[in-house]
Amino acid sequence: MKNYDAYIFDFDYTLADATDPVVDSFTYALEKMNLKKATRQDIINTIGIPIGESYTILTGDDSEEGIDLFKKYQKEKSDEITVPNTVFIGGARKVLETLKNRGKKIGIVSSRWGQRINDVFENLGCRELIDFIIGTEHVENYKPNPEGLFKMIEMMKCESPIYIGDSYIDAKAAQNANIDFVGVTTGTTSRKNLESYPHVAVLDNLEELLEI
């Protein structure tokens, strides 16, 4: 195995669980727009995808007007409920603390708004564990486009990075960036699907990452 000097993580379902605030904010936005309510599972299946694309998947509407209105209402509710209702997944905090103690650089590249991720870590009292955060406001092209990973690698000035994520979108992004990938099965993408992409490992528990 390589001696990785930088660990780059996805956020939702890799490090953190924000299922309830995501479902509630999406439901709120759809209701404000007088649109058909989506099921909880349908909303969960879009987590990790940029919000505009999620809206189109849920409603079939790809109009700029509809997407912008949905984003407005979703953010309105998300601002209120996301930060206090987002929690770590399993041993994610221990993993970050251990990697930090080992002198590793730690970053997050996510399809979520980066400032929201920053606020979540502030609320959890461990913002110091993360060196850099890249969210949707920091890139023009979302995952699986490798722009975010390339920016993160440049910011970190690292030589041997690895990307860790729960989704096939993360796997594709790592492949497009030509960097090593570890999948975790804590999200909505199956082990079989994750294993169909180039990978160092596919883990059932993020803590297993510490053995790599």
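Computed values, structure above
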read-out: Neighbour cut-off at most 12 other Cβ (10 Å), DSSP loop, GluC sites (Glu not before Pro), the range 152-209; value: E159
read-out: Dipole magnitude (debye, nearest 20) for the range 108-212, charges at Cβ of Lys, Arg, Asp, Glu; value: 340
read-out: Rounded to whole Å, sorted largest first: equivalent-ellipsoid semi-axes of the chain, Cα gyration tensor; value: 29, 18, 16
read-out: Largest to smallest principal axis extent of the C-alpha atoms in the range 53-133, angstrom; value: 47, 22, 21
read-out: Protection proxy ranking, peptides 168-176, 54-62, average beta carbon neighbours within 10 Å, highest first; value: 168-176, 54-62
read-out: Candidates per GluC sites (Glu not before Pro) in the range 102-150, loop by DSSP, up to 12 other Cβ within 10 Å; value: E140
read-out: Set of the range 93-119 residues, backbone N closer than 17 Å to the point 7 Å along the Cα-Cβ line of N3; value: 99-105
read-out: Loop trypsin sites (Lys or Arg not before Pro), the range 1-89 (other Cβ atoms within 10 Å of the site Cβ: 14 or fewer; DSSP); value: K2, K36, K37
read-out: Dipole in debye (nearest 20) - the chain, about Cα centre, beta carbon charges: Lys, Arg +1; Asp, Glu -1; value: 300
read-out: Using a Förster distance of 41 Å, the FRET efficiency for D204-E140 (Cβ separation, nearest 0.05); value: 0.75
read-out: Derived scalar couplings ³J(HN,Hα) [the range 150-165; Karplus, 6.51 cos²θ - 1.76 cosθ + 1.60; whole Hz; x for Gly, Pro]; value: 4, 5, 5, 4, 5, 5, 6, 6, 9, 10, 9, x, 9, 10, 10, x
read-out: The range 12-105, accessible area per residue, ligands and nucleic acids excluded (1.4 Å, Å²); value: 51
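The values are calculated or read from the model by the stated rules, or taken from the named source; none is laboratory data. Keep in mind that this is a model prediction, so the values were computed, not measured. Every residue, glycine among them, receives a Cβ derived from its backbone with ideal geometry; neighbour counts consider all protein chains shown. All accessible areas refer to the heavy atoms of the entire protein, side chains included, with ligands and DNA or RNA removed. Shrake-Rupley method; radii C 1.70, N 1.55, O 1.52, S 1.80 Å.
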